[in-house]
Amino acid sequence: MSQEQSKLTATISGNTVDPPTYTYNTPNEKDIALTYDGDDVVTETHFITSSPSTLAPPTYEKTPNTITTLRISAQGVPVLRLPMPSNDLNMPVHDSTGTQLYSSVRPKWCYNSCTLSCAKLGDLLYTQYSRSLMRDPIIRYLSGANEGREIQVKDSCITRTTSFTNIDGRVYEWKYANTKDANGKRVSVIELREVVDGKVKDKKTCKGGEGKVIARLLRDEENRTAGTKSCTAGKGGRLDIDDSANAGGLDECVIVATCILMLKKEVDRRRALQMAMITMIL
């Protein structure tokens with residue numbers, strides 16, 4: 001048999017069938033024999049001549065990641081107001097259909113610490129704030145396989161960014177950014193990205209699609225909480241979460257809890273400004 005040909009012989013119950021002949025470019029033979037048990041014995045012998053350089057590997061289309069849309073309802077703090085804590089004792093989070101998924105609850109008006117709970121799973125996370133500005137908040141799991149484990153938050157009163165270390169050791173950062181809405185108008189958003197070697201991943205420095213926005217809080221006129229204004233600090237809005245975040249080990253509830261932490265930080269900055277204004281007047 002020629003090295004440039006491939007012949008398949010099948011013998012079924014003593015009958016011989018000659019199948020079509022296949023021709024390949026280079027001599028690289030490979031033999032395969034298959035035997036099946038039963039009344040009839042089928043034996044296949046392949047003499048395949050192929051060239052690895054001429055056989056292209058299969059290609060697969062990349063499936064686009066889906067987005068989970070949540071809505072955080074928070075009234076925040078207006079500009080003209082005494083420097084008091086926010087009135088949002090219960091901050092609900094709904095999905096795109098209007099069903100409440102989470103709720104962030106403070107036990108008292110004067111308390112900053114809050115518990116993120118789910119109607120189906122109960123209490124999930126506890127965010128503990130300290131009265132001292134030198135101590136960072138701590139997020140602790142209250143249930144599930146990670147019960148008792150803590151997420152370290154690095155919160156600076158100087159900058160508006162907030163970073164946290166997930167339980168798997170990965171570091172993420174919430175940061176303010178600018179984007180354009182559907183009408184081309186420039187709006188301010190808060191975006192969550194992963195931090196590697198002290199730098200936030202972005203499209204210019206990362207390969208394979210890494211560094212894309214994991215989550216984004218949009219609070220333009222169309223998406224911010226009803227009754228709030230553009231100047232309201234700590235107002236809620238539409239939270240878009242890339243579903244690939246969960247596959248990467250970052251729980252959705254952690255994204256929600258840290259986003260609410262960013263809103264609380266806005267309220268603290270507004271209260272500090274209001275205190276300074278009152279001090280200047282007096």
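The values are calculated or read from the model by the stated rules, or taken from the named source; none is laboratory data. Note that the structure is predicted; figures quoted are calculated from it, not measured. Using ideal geometry, Cβ is built from the backbone for each residue, glycine included, and neighbour counts are taken over all protein chains shown.
Confirm whether Cys259 is under 28 Å from Gly169 (Cβ atoms) and at pLDDT 90 or above. It is true that Cys259 is under 28 Å from Gly169 (Cβ atoms) and at pLDDT 90 or above. Evaluated against (1) surrounded by 16 or more Cβ atoms within 10 Å (Cβ to Cβ); (2) at pLDDT below 95, Cys110 falls short on exactly one condition, (1). Which pairs have Cβ atoms under 8 Å, sit 6 or more apart or on different chains, and link a residue in the range 96-119 that is among the β-branched types (Val, Ile, Thr) to one that is surrounded by 15 or more Cβ atoms within 10 Å (Cβ to Cβ) and assigned to a loop (DSSP other than H, G, I, E, B)? Once the first residue is among the β-branched types (Val, Ile, Thr) and sits in the range 96-119, its partners that are surrounded by 15 or more Cβ atoms within 10 Å (Cβ to Cβ) and assigned to a loop (DSSP other than H, G, I, E, B) give Thr115/Leu142. From the list Glu44, Glu29, the one residue that fits, being at pLDDT below 85, in contact with a Leu (Cβ under 6 Å, 6 or more places away or on another chain) and among the charged types (D, E, K, R), is Glu44.
Is it the case that the range 79-91 has a residue that's within 20 Å of the chain's Cα centre (by Cα) and assigned by TED's automatic domain parsing to the domain that holds Asp251?
Within the range 79-91, not a single residue is within 20 Å of the chain's Cα centre (by Cα) and assigned by TED's automatic domain parsing to the domain that holds Asp251.
Which ones in the range 170-187 are farther than 16 Å from Leu218 by Cα and of a type in the set (Lys, Arg)?
Within the range 170-187, Arg170 is the sole residue that qualifies.
Criterion applied to Ile158, Ile190, Ile167 was being closer than 13 Å to Arg216 by Cα and not polar (S, T, N, Q), and the one residue passing it is Ile190.
Annotation: of all residues in the range 245-282 being of a type outside the set (A, V, I, L, M, F, W, C) and touching a helix residue (DSSP H, G or I) at 6+ places or on another chain (Cβ under 8 Å), the one that is surrounded by the most Cβ atoms within 10 Å (Cβ to Cβ) is Glu252. Contact map, the range 138-162: residues that are at positive phi and touching a residue at least 12 places away in the same chain (Cβ under 8 Å) paired with residues that are of a type in the set (A, V, I, L, M, F, W, C) and surrounded by fewer than 17 Cβ atoms within 10 Å (Cβ to Cβ), Cβ distance under 8 Å, separation 6+ or inter-chain. Pairs shown: Gly144/Leu121.
Any residue at all in the range 229-238 that's outside any loop (DSSP other than H, G, I, E, B), assigned by TED's automatic domain parsing to the domain that holds Gln75, at pLDDT 90 or above and not basic (Lys, Arg)? Yes, there is a match, as at least one residue in the range 229-238 is outside any loop (DSSP other than H, G, I, E, B), assigned by TED's automatic domain parsing to the domain that holds Gln75, at pLDDT 90 or above and not basic (Lys, Arg). Condition first: in a loop (DSSP other than H, G, I, E, B) and among the aromatic types (Phe, Trp, Tyr). Now tell me which residues in the range 93-113 satisfy that. If the condition is that a residue be in a loop (DSSP other than H, G, I, E, B) and among the aromatic types (Phe, Trp, Tyr), then Trp109, Tyr111 are the ones that fit.
Would you check which residues across the range 178-212 are hydrophobic (A, V, I, L, M, F, W, C) and modelled with pLDDT of 85 or more and list them? Val187, Val189, Ile190, Leu192, Val195, listed by residue number.
Within the option set Leu80, Leu89, Leu124, being surrounded by 10 or more Cβ atoms within 10 Å (Cβ to Cβ), of a type in the set (A, V, I, L, M, F, W, C) and over 21 Å from Gly248 (Cα atoms) holds for one residue only, Leu89. Inside the range 144-200, residues that are of a type in the set (S, T, N, Q) and part of a loop (DSSP other than H, G, I, E, B) make up a count of 6.
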